[in-house]
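Okay, so here's the structure we're looking at.
The values are calculated or read from the model by the stated rules, or taken from the named source; none is laboratory data. Note that the coordinates shown come from a computational prediction; the quantities given were computed from them, not determined experimentally. Because the Cβ atoms are built from the backbone with ideal geometry, glycine has one as well, and the counts that use them run over all protein chains shown.
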Amino acid sequence: MKSISEEILSRSNTYLLNNYGRLDICMVRGEGSYLWDSEGKQYIDLFVGFGAGGIAGHCAKEIVSAVQKQAEELLSHGNLFTSMPQVEVAAELVRNSFPGKVFFCHSGAEANEAALKLARKAAGDGRYKIISFENSFHGRTMGSLSLTPASFQLGFEPMLDGNVMLPYGDLEALEAAIDSETAAIILEPIQGEGGINVPSIGFMQGVRRLCDQHRLLMICDEVWTAPARTGRYFAYQHFNVTPDVLTLAKAVGGGLPLAACLISDTYADVLDPGSHGCTLGGNPLCCAAALAALRRIEDNKLCELAEEKGQRALEILRQSGSSSIAEIRGKGLMIGIKLHDAVPASEVVDACREKGLIICSAKNNVVRIAPALRIREDILESALCTLIEVLKSHEPQPA
Ligand SMILES: Cc1ncc(COP(=O)(O)O)c(C=O)c1O
């Protein structure tokens with residue numbers, strides 16, 4: 001007779017599309033920074049579902065009870081109506097960023113699609129080109145994919161017209177690339193999938209200046225970086241600039257699918273009735289989860305904690321002295337460890353998982369950690385010990 005795990009895995013092979021390179025592991029329970037699989041193995045999760053459980057971890061009590069309460073009252077109502085949870089989430093996001101208005105949807109790709117449509121309509125004079133950057137990641141829909149590097153586009157060409165991809169951080173190239181057809185610049189204020197790349201303040205401020213000079217929308221994709229992950233509510237706040245548009249997903253929903261496109265007051269009337277939409281976007285159930293999660297940020301001082309715990313993690317990793325490490329970078333609890341070429345990041349990730357630790361790799365041979373912001377310090381330290389043990393056991397040997 002098959003075990004429960006074998007049964008689930010064989011049915012997953014039969015029924016689930018094979019587009020993820022899924023592992024033969026079936027998860028059954030989560031609590032805080034822990035996950036358990038169907039074999040009863042416990043993991044420390046330093047990646048919380050690609051960031052989705054980023055604020056409070058798995059199944060935080062206050063989020064679960066908010067969802068239970070809301071589920072008994074109203075699941076969805078369609079967007080001809082509104083409800084308190086969506087208004088409160090929008091107000092919370094605006095209160096922590098800049099005066100503006102929010103469009104809700106479910107995924108980061110969709111939030112970026114909204115921003116792209118906004119950019120074209122806001123230009124109002126036929127300008128349509130969007131500038132994005134190498135090593136970025138903006139999603140898998142045709143519009144967001146058009147802004148994402150070519151390696152993700154293979155087999156899906158042609159992309160949208162008019163996308164220009166430039167080296168991240170190169171202000172001169174940016175200035176030279178802007179022409180009379182450019183409508184917007186989209187960028188992650190810290191690149192996630194691209195290997196945790198932190199730009200200079202000068203670059204971010206230069207982008208803002210060029211956007212002002214040429215009437216371009218500055219769109220910050222904070223799907224990975226917000227809220228609070230990098231030690232500020234939004235990562236753009238490290239650079240003393242304010243974008244025109246912010247896109248959010250992952251952690252903002254407290255573990256449920258919610259995404260948002262936050263548009264500054266200057267452009268908030270561009271997407272007028274009928275111009276854009278999302279049937280279940282901002283449904284009260286996901287918004288109730290989001291609100292419970294977002295309220296934790298101030299109550300638990302999560303920005304400050306992300307900064308402190310991030311500093312401590314950097315210290316521990318640096319002190320390890322492992323020769324597997326080429327460079328450590330990041331802000332707050334968004335940390336990337338660039339490994340030496342002889343130490344493949346994927347092998348380190350696999351070896352950690354064997355030892356009950358979940359981390360992830362990123363482009364350019366980087367391993368990433370992005371734990372729940374409320375992770376207990378002793379759990380974080382024990383996880384880092386495991387990671388360091390694995391890094392040491394993979395150290396390149398002298399020839
Ligand atoms: C910066 C960034 N933007 C957009 C996305 C796409 O988000 P989603 O998978 O929710 O569509 C991702 C996904 O990892 C991301 O990292």
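There is no residue in the stretch 162-183 that is within 15 Å of the ligand (Cβ to nearest atom) and small (Gly, Ala, Ser). Scanning the stretch 34-54 for residues that are out of contact with any helix residue (DSSP H, G or I) (no Cβ under 7 Å at 6 or more places or on another chain) and not hydroxyl-bearing (Ser, Thr, Tyr) returns Leu35, Trp36, Asp37, Gly40, Lys41, Gln42, Asp45, Phe47, Val48, Gly49, Gly53.
State all residues of the stretch 206-234 that are of a type in the set (Lys, Arg) and more than 23 Å from Arg296 (Cα to Cα); if no residue qualifies, say none.
Hits for the stretch 206-234 are Arg208, Arg209, Arg215.
Figure legend. Inter-residue proximity from the stretch 104-116: first residues among the aromatic types (Phe, Trp, Tyr), second residues within 7 Å of the ligand (Cβ to nearest atom), beta-carbon distance below 8 Å, spacing 6+ or different chains. Indicated pairs: Phe104/Ala259.
So that you can scan it fast, the table gives a plain yes or no per residue for (1) in a helix (DSSP H, G or I); (2) at pLDDT below 95; (3) more than 16 Å from the ligand (Cβ to nearest atom):
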| site | (1), (2), (3) |
| --- | --- |
| Gln68 | yes, no, yes |
| Phe81 | no, no, yes |
| Ala90 | yes, no, yes |
| Phe98 | no, no, yes |
| Phe104 | no, no, no |
| Glu110 | yes, no, no |
| Ala114 | yes, no, no |
| Ser132 | no, no, no |
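For the stretch 137-148, which residues satisfy the criterion of being buried (at least 17 other Cβ atoms within 10 Å of the Cβ), part of a loop (DSSP other than H, G, I, E, B) and near the ligand (Cβ under 7 Å from one of its atoms)? Selection gives Phe137, His138, Gly139. Taking Met165 as the residue in question, decide whether it is assigned to a strand (DSSP E or B) and free of Cβ contacts under 8 Å to residues at least 60 places away in the same chain. So Met165 passes the test. Kindly check whether there is at least one residue in the stretch 222-231 that is among the acidic types (Asp, Glu), away from the ligand (no atom under 13 Å from the Cβ) and assigned to a loop (DSSP other than H, G, I, E, B). Taking every residue of the stretch 222-231 in turn, none turns out to be among the acidic types (Asp, Glu), away from the ligand (no atom under 13 Å from the Cβ) and assigned to a loop (DSSP other than H, G, I, E, B). In this structure, is Ile201 surrounded by 15 or more Cβ atoms within 10 Å (Cβ to Cβ) and of a type outside the set (Asp, Glu)? No.
Put simply, of Gly330, Gly274, Gly281 the only residue that is in the same structural domain as Ile219 (by TED's automatic domain parsing) and at positive phi is Gly274.
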